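Trainee: Encoded as structure tokens, here's the structure I'll be asking about.
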Amino acid sequence: MTSSARPFLNRRLAEFGTTIFAEMSALAMSTGSINLGQGFPDTDGPEEIREAAVRALRDGRGNQYPPGPGVPELRTAIAAHQKRHYGLSYDPDTEVLVTAGATEAIAAALLALLEPGDEVIALEPYYDSYAASIAMAGGTRVPVTLRPDEGTHDGLSPQRFRLDLDELRDAVTGRTRLLLINTPHNPTGTVLTRAELTEIARIAVERDLLVVTDEVYEHLVFDDAEHVPLAGLPGMRERTVTIGSAGKTFSFTGWKVGWVTAPPALVSAVRSAKQFLTYVASGPFQYAVAEALALPDAYFETFRADMLRKRDLLAAGLTEAGFKVFRPAGTYFITTDIRPLGETDGFAFCRALPERAGVVAIPNAVFYDHREQGAPFVRFAFCKTTDVLHEATGRLRRLAS
Ligand code: PMP
Ligand code: GLN
């Protein structure tokens, strides 16, 4: 503290401190535990894409500041990806922006689009950077909570965390500027259905709201789930900023290559903020990600099938260990309920888990404003080798005894 006893961290950020991911990864390191907390794959993405990055570096492509909006090769590849997978057309020159990961895209979008005091509706539990970015932009977050539903009694349709559309509609006020949507949803694994998204779109159009949609797990959807980009629904293209990330889709989280697609006026606004955050980032990696986006369908299918096997492996292990498992329809996270283990406090549970079982997980409560609503839920990542998942579930079975 200074002599005036004023804390260094300003009021906007005072509640945020260190992210739970850094805290839990440090705990995993210091205790030698298996880290199923922070969501990063323990295997790098495709070898040919790593080689593409090496080639770009050696050929001197991207070693100096790339163009502010991103290198043309990557912007063209992003536009082609949206067209190929969703039939959405974006102009690579005016409707695509490359960012330093999805994190910067989210921050730049909120900094650019919000006036102080504007309300932002976010689905709770929400990814932690949303709250911090809304705060940095001077906005007010208004959470709408996803709650576990009952599932069907025949057991065929699993329980999921469901969005209450009436609650969403009621949360909109005269001060609401923007809906911040995330599907597939971290941490619950919920994939919003076409019907739900259509209703969200209707609300956005009726109330004339902007929409920022974080679709970084777009290629990780399982079973019968389908990823439906909000921007493709009626009335949405002109009001929607869509965010993607090579970290998730190609398993290179350290490269920090993300992107925004939106109409020219929105891209231009987001770029205005982005140019004063990083200006540009990840030069040589941008060329490599351009190649990654053009990989054949087989890449995306294999990636998904591999993660699906891992989901089922971890879900079975967690069930055996005594957790109640919410089988995710998307993402590489499983949310569990710890109450069947006789536990109620996810924070305390996660802090003790390294000692009890040599595993690290994330307490979902950190993703809630209504912390009590998230207290009994704990998130495990399954983007790990099957050996690691076998070892982790073996250790977690100790909890059952
Ligand atoms: N959005 C969500 C929902 C995420 O889970 C993450 C992190 N994995 C991000 C954004 C940030 O992505 P990036 O690493 O590309 O910044
Ligand atoms: N998005 C990752 C997760 O949810 C973490 C990224 C980070 O550490 N900021 O685990």
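The values are calculated or read from the model by the stated rules, or taken from the named source; none is laboratory data. Values in this document were obtained by computation on a predicted structure and should not be read as measured data. Neighbour counts run over all protein chains shown; Cβ positions are idealised from the backbone, glycine included.
Trainee: Got a sec? Which of A298, A365, A315, A305 is over 21 Å from the mean Cα position of the chain (by Cα) and outside any loop (DSSP other than H, G, I, E, B)? Explain how you work it out, then say what you get.
Mentor: Numbers: A365 fails: over 21 Å from the mean Cα position of the chain (by Cα); A315 fails: over 21 Å from the mean Cα position of the chain (by Cα); A305 fails: over 21 Å from the mean Cα position of the chain (by Cα).
So the residue among A298, A365, A315, A305 that is over 21 Å from the mean Cα position of the chain (by Cα) and outside any loop (DSSP other than H, G, I, E, B) is A298.
Trainee: What about A195, is it in a helix (DSSP H, G or I), among the hydrophobic types (A, V, I, L, M, F, W, C) and either surrounded by 23 or more Cβ atoms within 10 Å (Cβ to Cβ) or touching a Phe, Trp or Tyr at 6+ places or on another chain (Cβ under 7 Å) (or both)?
Mentor: Details: in a helix (DSSP H, G or I): yes; among the hydrophobic types (A, V, I, L, M, F, W, C): yes; either surrounded by 23 or more Cβ atoms within 10 Å (Cβ to Cβ) or touching a Phe, Trp or Tyr at 6+ places or on another chain (Cβ under 7 Å) (or both): no.
Against the criterion (in a helix (DSSP H, G or I), among the hydrophobic types (A, V, I, L, M, F, W, C) and either surrounded by 23 or more Cβ atoms within 10 Å (Cβ to Cβ) or touching a Phe, Trp or Tyr at 6+ places or on another chain (Cβ under 7 Å) (or both)), A195 does not qualify.
Trainee: I'd like the full set of residues that are buried (at least 23 other Cβ atoms within 10 Å of the Cβ) and away from ligand 1 (no atom under 13 Å from the Cβ), limited to region 205-240.
Mentor: If the condition is that a residue be buried (at least 23 other Cβ atoms within 10 Å of the Cβ) and away from ligand 1 (no atom under 13 Å from the Cβ), then V211, L230, A231, T240 are the ones that fit.
Trainee: In this structure, does A52 turn out to be in contact with a Gly (Cβ under 7 Å, 6 or more places away or on another chain) and surrounded by 14 or more Cβ atoms within 10 Å (Cβ to Cβ)? Steps first, please.
Mentor: Values: in contact with a Gly (Cβ under 7 Å, 6 or more places away or on another chain): no; surrounded by 14 or more Cβ atoms within 10 Å (Cβ to Cβ): yes.
So A52 fails the test.
Trainee: For residues that are within 26 Å of S282 (Cα to Cα) and part of a helix (DSSP H, G or I), tally how many sit in region 85-134.
Mentor: The number of residues fulfilling the criteria is 21.
Trainee: Which residues, taken from region 83-139, are over 27 Å from E372 (Cβ atoms), hydroxyl-bearing (S, T, Y) and within 16 Å of ligand 2 (Cβ to nearest atom)?
Mentor: Those that are over 27 Å from E372 (Cβ atoms), hydroxyl-bearing (S, T, Y) and within 16 Å of ligand 2 (Cβ to nearest atom): T99, T103.
Trainee: If I ask for residues that are in a helix (DSSP H, G or I) and either away from ligand 2 (no atom under 12 Å from the Cβ) or in contact with a Cys (Cβ under 8 Å, 6 or more places away or on another chain) (or both), which ones from region 16-36 would you list?
Mentor: First pass over region 16-36, keeping only residues in a helix (DSSP H, G or I): 20-31.
Selection gives M24, L27, A28, M29, S30, T31.
Trainee: Output the qualifying pairs, or none if there are none: Cβ atoms under 8 angstrom, residues six or more apart or on different chains, first residue in region 29-50 and over 17 Å from L220 (Cα atoms) and away from ligand 1 (no atom under 15 Å from the Cβ), second residue outside any helix (DSSP H, G or I) and among the aliphatic types (A, V, I, L, M).
Mentor: Final answer for the pair search is T31/V360; S33/V359; S33/V360; I34/V359; I34/V360; I49/L295.
Trainee: Can you list residue pairs whose Cβ atoms sit under 6 Å apart, with the first residue in region 236-265 being more than 16 Å from E104 (Cβ to Cβ) and assigned to a strand (DSSP E or B) and the second being of a type in the set (V, I, T) and away from ligand 1 (no atom under 13 Å from the Cβ)? Count only pairs 6 or more apart in sequence or on different chains.
Mentor: Going by the 6 Å Cβ cut-off, the qualifying pairs are T240/V211.
Each row is one residue, and each column tells you yes or no for (1) over 24 Å from R162 (Cβ atoms); (2) modelled with pLDDT under 95; (3) buried (at least 17 other Cβ atoms within 10 Å of the Cβ).
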residue: A294; (1), (2), (3): yes, no, no
residue: F303; (1), (2), (3): yes, no, yes
residue: R309; (1), (2), (3): yes, no, no
residue: D312; (1), (2), (3): no, no, no
residue: T336; (1), (2), (3): no, no, yes
residue: A357; (1), (2), (3): yes, no, yes
